[in-house]
Amino acid sequence: MIEVPDLSFAALAPLLLVLGAACLGVLVEAFAPRDVRHPVQVAIALVGTGGALVATLLLAGTHEVTAGGALAVDGAALFLQATIAGLGALSILLFAERSLDPARSAFVVSAAVPAGSPRDRELVTTPRVQTEVYPLATFAIGGMMLFVAANDLLIMFVALEVLSLPLYLISGMARRRRLLSQEAAVKYFLLGAFASAFFLYGLALVYGATGSVRLSDIRAAGPDGGGDVLLVLGLALLVVGLLFKASVAPFHTWTPDVYQGAPTPVTAFMAACTKVAAFGAILRLLYVAFGTAEWTWRPLVYAVAIVSMVVGAVLGLTQTDLKRMLAYSSVAHAGFLLTGVLGLGGGGEGSGLAATMFYLLTYGLTTLGAFAVLTLVRDGDGEATHLSQWAGLGARSPLTAAVMTLFLLALAGIPLTAGFTGKFAVFRAAIEQGAWPLVVVALLASAVAAFFYLRVIVLMYFSEPVADGPTVGVPGVPTTVVLAVTATATLALGILPGAVLELAEQAAIFVG
Amino acid sequence: MTISYYLVLAAILFTIGAVGVLVRRNAIVVFMCVELMLNSVNLTLVTFARATGTVDGQIMAFFVMVVAAAEVVVGLAIIMSIYRTRRSASVDDANLLKY
């Protein structure tokens, strides 16, 4: 006799809303006539993600384990789910922008038509838009929200795939430069599948060592001072799978290619939301399942954090494409986030969890805004992302240059922006746990990284505009909303971070 | 019959798959190597289910199969779309994105 697991529908409401919206989107795609699909799909996706955001806020303070122990709805899960839902809704708005591209959308009309064929050239200029991206993106958001609440390695794996599979597809759906986009999709898919195989083998080994995949059972069965090779090996493989998703060096090789090739709204979505989801899962795995066995993973994470910061900062210097540059910046930021992860003590003491969650929120908002600005600057062939094309942008379009400057300063971590508050919080947490050598490396890496952000600012303001430079498009309502929200939040979290920091501190509890 | 033979076999299969992903050049073959890795995980799971006397491992193997099937759908669609454009599924030919 199989017992029916106890489901708390209230605690699952955010997930049900998003995944329900995604299923509804698939039905709309099948049954609604083509001309009404775009507004309907956008509305469904926004209602789903916006509703999930509201639901997580209403649930604040919940601490329970539900669905037969498979899902943990606790402060950390709800904070991260709210972050993902909010950033996801903003990304959907970026997807829905129709006035920038003369072709009316950033996504290919029919992904099945071979790139460069006569039919493809015909379709490039039609005003028809493709709406499959909205249910796909909503599924990815649902998978991410499940990922941060998973209390069971199997659920974590399923969530990992639910978030990854739609991302592989939508990163191959750019309207322009389709070869680059398809290549990005193939690379992301093959490397992503490779990494999830590692995660899965880790799951199998942990199951063999402990007889369970529930995080609390793994904690109870924890390694007893060096004996359990299977368990430690399993942990290492699980961490490799998760670090891949978080684009931490040395598992970052896909990041620049995929960020450059994917349509820019999708890049923004991946950079902001995937990072939040992956770090949510890393924190939960390390502290809930392996919190009593810190000696097994702390040196590994320590080393990986240093490698990631150095690789991101140094390789970022050599980039000439803005999307690639922001991709290496994301690798460096993954390293900074890992300093926050190390700022949490094994017993849950220290402010590492709150600091990391706050950093994820600030980084997500800032990077989403930066990629949104990239969609504005265009030439005849789509977005102008080469560094040289941005020369003298400050003279041509002062407002765009000013907004981009704000985001770049925040990414560099200059005071009075959200980036500074976030960095300060994670570094303080790491120092409190005695990881000051790591913080010294992090500060040096920040200084190096600041150089390539400032280079763009100098280029925008102090160079002569190039003769046939790009034009700055006038954004429609969706992109304007995204830019307004992200810019305001970047400033507000830099000047008055108190309320949100306090919220993160209150939410920083894992239920086992 | 000890269970360790099965675990060693699974580990060998996993290694063959991982090496295959790194050295093979055709996207379809690379993808088949990933599938080999997933199936070696299934073997490991079923073996551990037997060893621990629970059915959890066998149920997990079903989950893995379902996810692998979904992955095939997505993966082959992506590989098909690039093949139709380039008339080649070699991962060496897809080299527009680099430093």
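Any read-out appearing in this document is the output of simple, stated calculations on the displayed coordinates, not a laboratory observation. Keep in mind the model is a prediction, meaning the values are calculated, not measured. In this analysis, Cβ positions are derived from the backbone assuming ideal geometry, glycine residues included, and neighbour counts consider all displayed protein chains.
Things worth noting here:
- Of the DSSP H helices in chain B, those that are both long (alpha-carbon extent of 18 Å or more along the helix axis) and hydrophobic (Kyte-Doolittle mean at least 1.6) are B:4-23.
- Spacing of the modelled spin labels on residue A:99 and residue B:35, each 7 Å from Cα toward Cβ, amounts to 4.9 nm.
- The calculated FRET efficiency for residue A:54 paired with residue B:4, based on their beta-carbon distance and R0 = 56 Å, is about 0.60.
- Put simply, the range A:162-209 fits an ellipsoid with semi-axes of 30, 9, 4 Å; these come from the alpha carbon gyration tensor as the roots of five times its eigenvalues, largest first.
- Lysine pairs in the protein assembly as shown whose alpha-carbon atoms fall under 22 angstrom of each other, counting only those eight or more residues apart or on distinct chains, come to 11.
- Scaling against 2.2 N^0.38 Å puts the C-alpha radius of gyration of the range A:290-344 at 1.32.
- Taking other Cβ atoms within 10 Å as a rough exposure proxy, A:78, A:200 sort from fewest to most as A:78, A:200.
- Label separation (residue A:444 vs residue A:399): 4.4 nm, computed from points 7 Å beyond Cα along the C-beta direction.
- Spatial offset of the range A:356-433 relative to the range A:232-272 amounts to 20 Å, using the alpha carbon center of each.
- For chain A, complete DSSP H runs whose alpha carbons reach 20 Å or more along their own long axis and whose mean Kyte-Doolittle score is 1.6 or higher are A:9-31, A:75-95, A:133-149, A:153-170, A:229-245, A:398-412, A:436-462, A:477-495.
- For A:460, B:32, A:357, order by how many other beta-carbon atoms lie within 10 Å, fewest first: B:32, A:460, A:357
- Cα-based Kirkwood hydrodynamic radius, chain A, one decimal, Å: 22.8
- Label-point separation, residue A:34 to residue A:112 (7 Å along Cα→Cβ), nm: 1.3
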